[in-house]
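Participant: Shown below is the structure under consideration.
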Ligand code: URA
């Protein structure tokens, strides 16, 4: 085990690494980009959920073993990353279809209001046009205007239940950008991302890389408002909020984005691929390299995967340093 890995595991409170019998050594020591062991992770995640004490349970949405239901993913509306040589975020056709409203025949009879075909198309077209116009407006904002627009946003119903918006925290000139899912209860109260137990773990993870929030690091979420009861974000909420994150990324131009957890990864990369398969590969969002790792709340429930998170951070460090050398 390398010194840094040992230090990282110590910081995270892991004194022994337990590996199921018959499995190969951990990826960082064997091959950095080794194929993740998905079935084992799924079993571990399910077992961890079954035994985790109630106070340690973060919402199920953080669990990597559970795919984002197709309907949670927004339709693709953004231009794709230019050819970067890395795996690009490709909108899955199935995702777009799943995000549409159900066919009338799938609705209960009382919900089936006949709409003339032409009118329905015009309404959808108008909605798409309004969304594009809004996204184009946000794409032209500078940092203070973007902050102001986020804090006054009423584009989706989350504005009626939030205490405040959570724009993000850190250095607008950051090299590292970390992206989580959505504010939870503590974040909604304090107006800052990752301030609860999961945030403490995140700070420790950053510390073991020699980083700290605010110092060359910016932390944001896919959603800027808390979904009530920590429920999963809905497709419409993601669609309305994504232009804010996209603009944050465009203004910061980090060398690297580290995506925390299944939901953020699947939303940002527009995929339903499980997190176990997204880890270990460098993806791309708007031409910026993306590394996927577990959500800290999941790691609190499943400490066995902290060693894999360290492998992800080593990959992130490598990509960051490479991007710096090329700049
Ligand atoms: N989980 C997230 O994904 N983001 C936060 O800000 C807090 C918890």
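Participant: Which order do the peptides 265-272, 224-231, 316-323 come out in when sorted by mean C-beta neighbours inside 10 angstrom, highest first? Walk me through the numbers on the way to the answer.
Facilitator: On the way: 265-272: 23.0, 224-231: 19.0, 316-323: 17.2.
Ranking, from highest mean packing down: 265-272, 224-231, 316-323.
Participant: For the range 142-256, just say rounded, prolate or oblate: build the C-alpha gyration tensor, square-root its eigenvalues into a ≥ b ≥ c, call rounded for a/c under 1.5, and beyond that prolate if a/b exceeds b/c, oblate if not. Present the calculation step by step, with values, prior to reporting the outcome.
Facilitator: Numbers: a/c = 1.99, a/b = 1.30, b/c = 1.53.
Because a/c hits 1.5 or more and a/b fails to exceed b/c, the range 142-256 counts as oblate.
Participant: Quick check: Cα centre of the range 135-169 to Cα centre of the range 267-290, how many Å?
Facilitator: Computed from Cα coordinates, the inter-centre distance equals 25 Å.
Participant: Using the per-residue mean of other Cβ atoms lying within 10 Å as a proxy for protection, in what order, highest first, do the peptides 142-149, 168-175 fall? Don't jump to the answer; show the numbers that get you there.
Facilitator: Details: 142-149: 13.9, 168-175: 18.2.
Packing order, densest peptide first, comes out as 168-175, 142-149.
Participant: Report the FRET efficiency, 1/(1 + (r/R0)^6), for residue 126 and residue 251, where r is their Cβ-Cβ distance and R0 is 35 Å, rounded to 0.05. Let's see the in-between values first.
Facilitator: Values: r = 30 Å, r/R0 = 0.84.
After rounding, the FRET efficiency stands at 0.75.
Participant: Rounded, prolate or oblate: which fits the range 215-327, taking a ≥ b ≥ c as square roots of the Cα gyration tensor eigenvalues, rounded meaning a/c under 1.5, else prolate when a/b beats b/c? Present the calculation step by step, with values, prior to reporting the outcome.
Facilitator: Details: a/c = 1.78, a/b = 1.13, b/c = 1.57.
Oblate, because a/c is 1.5 or more while a/b does not exceed b/c.
Participant: With r defined as the distance between the Cβ atoms of residue 145 and residue 119 and R0 fixed at 30 Å, what FRET efficiency is calculated, to the nearest 0.05? Let's see the in-between values first.
Facilitator: Details: r = 36 Å, r/R0 = 1.20.
According to the calculation, E is roughly 0.25.
Participant: Tell me the relative contact order for the range 120-326 as a rounded percent, counting alpha carbon contacts under 8 Å between residues six or more apart.
Facilitator: 22
Participant: With r defined as the distance between the Cβ atoms of residue 321 and residue 236 and R0 fixed at 22 Å, what FRET efficiency is calculated, to the nearest 0.05?
Facilitator: Values: r = 39 Å, r/R0 = 1.77.
Working from the Cβ atoms, E equals 0.05.
Participant: Taking 0.36 nm per intervening residue step and subtracting the Cα-Cα distance, what contour gain separates residue 160 from residue 134 on full extension?
Facilitator: On the way: separation 26, 0.36 × 26 = 9.36 nm, distance 2.00 nm.
Additional length available on full extension: 7.4 nm.
Participant: Arrange 263, 244 by Cβ neighbour counts within 10 Å, fewest through most, would you?
Facilitator: On the way: 263 30, 244 26.
In increasing order of surrounding Cβ atoms, one gets 244, 263.
Participant: Let me ask something else. Counting pairs of alpha carbon atoms under 8 Å apart in space and at least six apart in sequence, what relative contact order in percent does the range 196-266 give? Numbers along the way, then the final one.
Facilitator: Details: 22 pairs, mean separation 16.4, N = 71.
Computed over the range 196-266, the figure is 23 percent.
Participant: So, one more: Between residue 186 and residue 204, what is 0.36 nm times their sequence separation minus the Cα-Cα distance? Round to one decimal in nm.
Facilitator: Extending this stretch completely gives an extra 4.6 nm.
Every read-out reported here was derived from the displayed coordinates using simple, explicitly stated rules and does not represent laboratory data. Not measured: the values here are computed from a predicted model. All Cβ positions, even for glycine, are placed from backbone atoms using ideal geometry, and neighbour counts span all protein chains on display.
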